[in-house]
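Structure first, commentary second.
The values are calculated or read from the model by the stated rules, or taken from the named source; none is laboratory data. Since the model is a prediction, treat every value here as computed from it, not as a measurement. Cβ: placed from backbone, ideal geometry, glycine included. Neighbour counts: every protein chain shown.
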Amino acid sequence: MVKGSLSVPPDKAICHRAVLAGALAEGTTRIQPWPDAEDCQRTLDVVKGLGVASSLRGASLILEGKGWQALQAPKADLFCGESGTTLRLAAGMLAGQPFASRLSAAPSLARRPMRRIVTPLQAMGARITGSGAAGDESLPPLAIEGRRPLKALHYTLPVASAQVKSAILFAALAADGPSTVVELHPTRDHTERMLAAFGADVQRKPDGIRIEPSALRSPGEIRIPGDSSSAAFFVVAGLLIPGSEVLLEGVGLNPTRIAFLRILERMGGRIHLAVESSGVEPYGQILVRSQPLQPLTLKPTEVPGVIDELPILMVACACASGTSELWGLSELRFKETDRIASMVAGLRKMGVSITEPEHDAVRIEGGGLTGALVDSADDHRTAMSLAVAGLAAKGTTRIAGAECVRKSYPGFFLDLARLAPPGAVRLPESD
Ligand code: S3P
């Protein structure tokens, strides 16, 4: 069982946006609290490379914004590490700056698709040239010759991606007229909320998200709620493991991020929500108690709303009483690793009957899990999902490469150990 209360780390997605908006804005921005996740540090490094001063004060990050005019051409490559959000959103922001820059990436990110941002940003007038593996001109490192103003764009997203939408919205701040982004399936709206909080004119209209070119002004403080995608691991652990009761406090409850709660409710989970604030980003409490789960059928249109929770939802399906089918998962193949492959391999090793009826689908026979030696495939969400599976399993599970959780949640195993019975979660150094 898992029992107790927990505050998960600040939301990574919101932090990236706060840093980029704070760097473009005039005025001091206090981002509170600031996480120790590696990905957020990468975004901070990018804006430091553009000459933005910052300091850590207690749990807060202070950014001294002086407006976009004060950004300086970087003297070296801006290294994005393994953070896709850093690279894609920064590319949008840099497309609209009147200087050249180069975004570089660690090998795992350098393989992930970038054509999806290069195409619209080039249509806005930026020159972007990749020099990636096998001479692929869309893969990092990306050399960007920014330009101001850019051309306004009317664009329908060919893939449901908040990162692509956000890259265009950041670029559109520097355009010569209003731009519109049309989403066929809604994705997380943190960029729209963040830019509006910094004074941009951005509105969701029936025909798309419309944004006017705008100079940003800092609202002063940006409060970052707990990361709902990190909370999802504990929500599922609380539902699956008999005798559990978990209270998660200060969690982001943005409706575009918590579709996984509705899906778990559809599977029979009883989840109690209490919204405490609905400022820029709503947040509040989530309370779960263990409950038998029914199988799930997930449609492709539901996937963008649970894109980061699919691995842990697969674990929930592995413990449900029947056959689950999840369709339309192709985007999972382009995350830090191919998350269909990493989860199928891990769950199969744990005795689950799991197949891929199509390239973008999985079929999972629920029943139960047996402890095994599994592999994170260097993917933080695979590692954390398999850890929850391991707690729900009979016998001992070992996760190779579990340290990759530092990307989003360095203290994950300590938090899990705190809620689990003594000795149930052992960290490598305690072996
Ligand atoms: C993110 C959007 C999603 C998500 C990623 C973070 C963001 O990626 O998987 O972890 O912060 O905008 P895509 O937009 O590529 O689906």
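Can you tell which of Asp136, Asp201, Asp189 is surrounded by fewer than 18 Cβ atoms within 10 Å (Cβ to Cβ), in the same structural domain as Ile31 (by TED's automatic domain parsing), within 30 Å of Ser108 (Cα to Cα) and of a type outside the set (A, V, I, L, M, F, W, C)?
Working: Asp201 fails: within 30 Å of Ser108 (Cα to Cα); Asp189 fails: surrounded by fewer than 18 Cβ atoms within 10 Å (Cβ to Cβ).
Exactly one of Asp136, Asp201, Asp189 is surrounded by fewer than 18 Cβ atoms within 10 Å (Cβ to Cβ), in the same structural domain as Ile31 (by TED's automatic domain parsing), within 30 Å of Ser108 (Cα to Cα) and of a type outside the set (A, V, I, L, M, F, W, C), namely Asp136.
From Ala18, Ala25, Ala13, Ala37, grab the single residue that is away from the ligand (no atom under 16 Å from the Cβ) and either farther than 30 Å from Gly238 by Cα or among the aliphatic types (A, V, I, L, M) (or both).
Unique residue meeting the criteria: Ala25.
Filter the stretch 105-118 for residues that are out of contact with any helix residue (DSSP H, G or I) (no Cβ under 7 Å at 6 or more places or on another chain), under 17 Å from Ala167 (Cβ atoms) and surrounded by fewer than 19 Cβ atoms within 10 Å (Cβ to Cβ) and give the result.
Arg115 - this is the single residue of the stretch 105-118 that is out of contact with any helix residue (DSSP H, G or I) (no Cβ under 7 Å at 6 or more places or on another chain), under 17 Å from Ala167 (Cβ atoms) and surrounded by fewer than 19 Cβ atoms within 10 Å (Cβ to Cβ).
Would you check which residues across the stretch 189-199 are more than 13 Å from Gly22 (Cβ to Cβ) and away from the ligand (no atom under 13 Å from the Cβ) and list them?
To start, the set of residues in the stretch 189-199 that are more than 13 Å from Gly22 (Cβ to Cβ) comprises 189-193, 196.
If the condition is that a residue be more than 13 Å from Gly22 (Cβ to Cβ) and away from the ligand (no atom under 13 Å from the Cβ), then Ala196 is the only one that fits.
Taking the options Leu298, Leu248, Leu313, Leu293, name whichever one is out of contact with any Phe, Trp or Tyr (no Cβ under 8 Å at 6 or more places or on another chain) and in the same structural domain as Asp415 (by TED's automatic domain parsing).
Residue meeting the stated conditions: Leu293.
Name the single residue that is surrounded by the most Cβ atoms within 10 Å (Cβ to Cβ) among those in the stretch 206-226 being more than 24 Å from Ala152 (Cα to Cα) and within 16 Å of the ligand (Cβ to nearest atom).
Within the stretch 206-226, the match that is surrounded by the most Cβ atoms within 10 Å (Cβ to Cβ) is Ile224.
Which pairs do you get when a residue that is within 13 Å of Val306 (Cβ to Cβ), found in the stretch 320-332, comes within reach of a residue that is assigned to a loop (DSSP other than H, G, I, E, B) and charged (D, E, K, R), reach meaning Cβ atoms under 6 angstrom, with the pair 6+ apart or on two chains?
Pairs found: Gly328/Asp360; Leu329/Asp360.
Condition (residue is at pLDDT below 95, surrounded by fewer than 20 Cβ atoms within 10 Å (Cβ to Cβ), away from the ligand (no atom under 16 Å from the Cβ) and not in a helix (DSSP H, G or I)) applied to the stretch 249-271: is it met by at least one residue?
Yes, some residue in the stretch 249-271 is at pLDDT below 95, surrounded by fewer than 20 Cβ atoms within 10 Å (Cβ to Cβ), away from the ligand (no atom under 16 Å from the Cβ) and not in a helix (DSSP H, G or I).
Checking the condition touching a residue at least 40 places away in the same chain (Cβ under 8 Å), crowded, with 17+ Cβ neighbours inside 10 Å, touching a Gly at 6+ places or on another chain (Cβ under 7 Å) and not assigned by TED's automatic domain parsing to the domain that holds Cys404, which residue from Leu61, Leu121 passes?
Leu121
For Thr180, which of the numbered conditions (1) part of a strand (DSSP E or B); (2) more than 30 Å from Ile312 (Cβ to Cβ); (3) within 16 Å of the ligand (Cβ to nearest atom) fails to hold?
That leaves (3) as the condition not met.
Need a quick list: strands (runs of 3 or more DSSP E) entirely within the stretch 60-163 having at least 2 residues that are within 16 Å of the ligand (Cβ to nearest atom) and either within 18 Å of Leu216 (Cβ to Cβ) or not acidic (Asp, Glu) (or both).
Per the criteria, 154-156.
List the residue pairs whose Cβ atoms are under 6 Å apart, where the first residue sits in the stretch 1-25 and is aromatic (Phe, Trp, Tyr), the second is modelled with pLDDT under 95, and the two are 6 or more positions apart or on different chains.
Filtered contacts from the stretch 1-25: no entries.
Could you check, for the stretch 71-84, whether at least one of its residues is in contact with a strand residue (DSSP E or B) (Cβ under 7 Å, 6 or more places away or on another chain) and within 28 Å of Ala417 (Cβ to Cβ)? If you could, list the steps in order and put the result at the bottom.
Of the stretch 71-84, the ones in contact with a strand residue (DSSP E or B) (Cβ under 7 Å, 6 or more places away or on another chain) are 73-74, 77-80.
Next cut, within 28 Å of Ala417 (Cβ to Cβ) only: none.
Among the residues of the stretch 71-84, not one is in contact with a strand residue (DSSP E or B) (Cβ under 7 Å, 6 or more places away or on another chain) and within 28 Å of Ala417 (Cβ to Cβ), which makes the answer no.
Can you find even one residue in the stretch 227-244 that is surrounded by fewer than 18 Cβ atoms within 10 Å (Cβ to Cβ) and either outside the structural domain of Val164 (by TED's automatic domain parsing) or in a helix (DSSP H, G or I) (or both)?
yes
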